[in-house]
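The values are calculated or read from the model by the stated rules, or taken from the named source; none is laboratory data. Since the model is a prediction, treat every value here as computed from it, not as a measurement. Note: ideal-geometry Cβ built from the backbone for every residue, glycine included; neighbour counts use all protein chains shown.
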């Protein structure tokens, strides 16, 4: 794993993940452009995330079977074409179908992550995963800024068309730039049906995988609820800002790109458990901070920025801890383990987007913050319960050996 290869893979993660998130910043523009309600426009985000969960389940296991270079290039090429189709969608149903298709194929980051974990020693795995996650975070943040700014300037279709062209360009670059190490055929030769069944079997047989997936599902559900409803808050009467404001707020979260490699090094030194605990407490604290941001004004905006930054750092740090724990389970099935983990996580994110929009419709921004606090409490309760079980089930210290005199030497 050279520095140049890691940088290239991080850029690919940024582009792949960014295509999921830029729609969050332009939902008010989509609503105005298609003549629909803001709640209906928010379903575009949900459709993309459901598609992403589907793609993780159907396509990511192929990383244990197919050569990585053609797999990555094909996925990026399809994503680029689907983004162009979404940008030309005449109605909401067409846009929903195209958004779902984009989510299915934009799983390059989830193919790269287990591949990279197998290219480094165990004591560097957390740091490398943290660097890749920094790329994903950068793509997520810049995508929101890019989507909101470009959409407000040229209309909601422009971000889709520009993202499609950029993704196709990256696919062309990777065709020539990816080194031979990513073109080698992985050792797995299992049939596709067996690859699809493996994540379900792993979820049934690996309790640590189930635990990590639950952590990610609950925390990411709260994260998605906040970011789905944030543009509705900023463009509503409390703040009265434009669609680009959500992207600018997200850009402040660039500090997460610095924090995630540090969190990865902490996982390498201290293990996943303490990082999980701190991240869950951080998510719970962010709910309290964000609840004070609903009043609007400059003070409310400052609190909103601080709360979203805390939420981003906590969620991403927890993901590094979870992934490191999962990848340590079985070296020969990392793509399938990642499939199970991320499918559960993004199903939680999809549910969080839907629940967040419902909470906002019923109780406004305070309802969204209450939902975030509830989900963080569920994750924290599960973590504390697991810690007590581990301590209760620890093997007792061995009894001291009975000291006997040495036998006499044989004559």
Failed item, numbered, when residue 167 is tested on (1) at pLDDT 75 or above; (2) farther than 25 Å from residue 102 by Cβ; (3) buried (at least 16 other Cβ atoms within 10 Å of the Cβ): (2)
Quick one: would you say residue 271 is surrounded by fewer than 17 Cβ atoms within 10 Å (Cβ to Cβ) and farther than 23 Å from residue 383 by Cα? no
Considering segment 24-42, residues that are in contact (Cβ under 8 Å) with a residue 60 or more places away in the chain, touching a helix residue (DSSP H, G or I) at 6+ places or on another chain (Cβ under 7 Å) and surrounded by fewer than 24 Cβ atoms within 10 Å (Cβ to Cβ), and then whichever is farthest from residue 226 (Cα to Cα), we arrive at 34
